[in-house]
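Participant: Before I ask anything, let me first share the structure, which is written out below as structure tokens.
A short reminder: the numbers here are calculations on the coordinates, not readings from a lab. In this text the structure is predicted, and so the values were computed from the model without any measurement. For neighbour counting, all protein chains shown are included, and Cβ atoms are generated from backbone atoms with ideal geometry for every residue, glycine included.
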Amino acid sequence: MTVANGSSEMMKPESVSLHPLGAAAAPVPDMLCIFGTGDLGRSLGLRLLQSGYRVVYGSRRPHSCGPLPQGSQVMSHEAAAQSASLIFICVHREHYGFLETMAPHLTGKVLVDLSNNLKKGIYPEPNAAYLQRLVPGAAVVKGLNTLSAWALQNGLLAGKQVYLCGNSAEAKRAVAEMSTKLGLTVLDKGSLSAAGELEDFPLQLFPEWRLPLRVAVCLTAFFFFYLVIRDVIYEYVEQDKDISYRIMVSLANKVFPIVSLIMLALCYLPGVIAAFLQLYRGTKYRRFPDWLDRWMLCRKQMGLIALGLAFLHVIHTFMIPTRYSVRHKLITLVVDEMKNNKTTPFYFDNTEAWGQDSFYALGILGFFLYVLLGLTSLPSVGGSLSWREFNFIQSKLGHLTLFICTAHGYIYGWNKFLRPSTYKWYTPPGYMLCLIVPSVVLVLKALVLLPCVDRTLTRIRQGWERNQPTEEIGKVTNL
């Protein structure tokens, strides 16, 4: 037997039994075995050692398997299997063949299958089911396959959700207790027949981002073509001017803030819809419709997309003075003044100055709050906040951010709403359209904050039901 830190010693094989939760004996074995010395195996071993376990590796080449975590041991597969009753299988399915020859040594052991595939449907049966068929005397548990070597090495496991499935309840309890000690949150998905579903989880590509991305793409495409028709094509048809060069920067700098503000409003719209639905039903114990549930679950992603579009708006705004058309216009103005030997007087319009400065001030403050909301969405930051602190930032400051950004849009067009020239081909400008959803959200939120409405909603969310007194009277009458 070889020790990972370079020394050698003889270790007496030991067998530790599995016990249910709350038993007097140790519920999980002190010695855990890992088959596989790759990145995942080494990272898992390091994390187990940090959590107070002893770790032994099983390898085909115990004396030349590369550096392993300090404090771990390495030996042959047979010897390693005899030293522990819980074994992690950190090898690819293609190399499972040696496990069939080791079936006598693995009888009565718990095998945790961490393998994944490169794509769905590559094999006729799940890897865990195949493993169980190779080693029928062992208790196979599928789980922890959603953990990456990077997350294990950096300790980013606190509260992370993992799934387990297996036919042995006792084996799943042992793996669940070990996972909880690592800081993981465990969900039992049932028998081993769910292994295929678990193996497909790592192959999903941003499942929680699909709806927000679709909404953002659809809004961006709509407003882009709407503004191309309204600004560029209108000027070409009515004024015979070719301003198509504005599509790249000027038009984009209109689309990004428009979509960003709408996406931010869509983050808070389902909350007020849910509040009015609870008021209408008079209870919090009835499920929301599926579409509302799905909408509420992707609010974080919608907010982050809105923040990204706000960043693009800021970057485009800063680069406007460097554009060729702007520089050409300024140079032409200076040359004309020099030729005519006159200077354009500066007329101080107090109203216009206040409007423009307020527009910029609200934009800066709104973007600052935008970034603050995005930072608290990070698990490392949000996890350090109490529930009251997190709720204050995401709800109170979130609605304040929406209000400030909406006011930013209103001030932008404060003197243009009633001008006939604003409505080209009888169509409103894009910034007017984007103010509809935020304004609706803010009005509904203001109604929810009314004392009479807020008191009733608070009581409902604390468990009160509107029909509760009637039901109690009926029970007393029946008695």
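Participant: Scanning region 292-304 for residues that are within 13 Å of the chain's Cα centre (by Cα) and assigned to a helix (DSSP H, G or I), which turns out nearest to residue 461 (Cα to Cα)? Let's see the steps before the verdict.
Facilitator: In the first step, residues of region 292-304 are kept if they are within 13 Å of the chain's Cα centre (by Cα); the result is 296-304.
Among the residues that remain, those that are also assigned to a helix (DSSP H, G or I) are: 296-297, 299-304.
Working: 296: 17, 297: 19, 299: 20, 300: 22, 301: 25, 302: 25, 303: 25, 304: 28 Å.
This residue is 296.
Participant: Also: Confirm whether residue 295 is surrounded by 11 or more Cβ atoms within 10 Å (Cβ to Cβ) and among the aromatic types (Phe, Trp, Tyr).
Facilitator: Working: surrounded by 11 or more Cβ atoms within 10 Å (Cβ to Cβ): yes; among the aromatic types (Phe, Trp, Tyr): yes.
Judged against the criteria, residue 295 is a match.
Participant: Same structure, new question: Could we say that residue 321 is in a helix (DSSP H, G or I) and either basic (Lys, Arg) or under 19 Å from the mean Cα position of the chain (by Cα) (or both) here?
Facilitator: no
Participant: Next question. Could you tell me which numbered condition residue 289 fails, if it satisfies all but one of (1) in contact (Cβ under 8 Å) with a residue 60 or more places away in the chain; (2) under 27 Å from the mean Cα position of the chain (by Cα)?
Facilitator: (1)
Participant: Something else about it: Please enumerate the residues belonging to region 85-95 that are in a loop (DSSP other than H, G, I, E, B) and either touching a Phe, Trp or Tyr at 6+ places or on another chain (Cβ under 8 Å) or closer than 11 Å to residue 108 by Cα (or both). If you could, list the steps in order and put the result at the bottom.
Facilitator: As a first pass, look at region 85-95 and keep what is in a loop (DSSP other than H, G, I, E, B): 85, 90-92.
85, 90, 91, listed by residue number.
Participant: Go through region 135-171 and count every residue that is in a loop (DSSP other than H, G, I, E, B), more than 20 Å from the chain's Cα centre (by Cα) and closer than 18 Å to residue 187 by Cα. Talk me through it step by step, then tell me what you get.
Facilitator: Residues of region 135-171 that are in a loop (DSSP other than H, G, I, E, B), as a first pass: 135-138, 144-148, 155-160, 167-168.
Cutting the leftovers down to more than 20 Å from the chain's Cα centre (by Cα) gives us 135-138, 167-168.
Within this subset, residues satisfying the condition of being closer than 18 Å to residue 187 by Cα are 167-168.
Count: 2.
Participant: Give the residues of region 131-167 that are in contact with a Pro (Cβ under 9 Å, 6 or more places away or on another chain) and not charged (D, E, K, R), sorted by residue number.
Facilitator: Within region 131-167, 137, 145, 146, 148, 156, 158, 159 meet the criteria.
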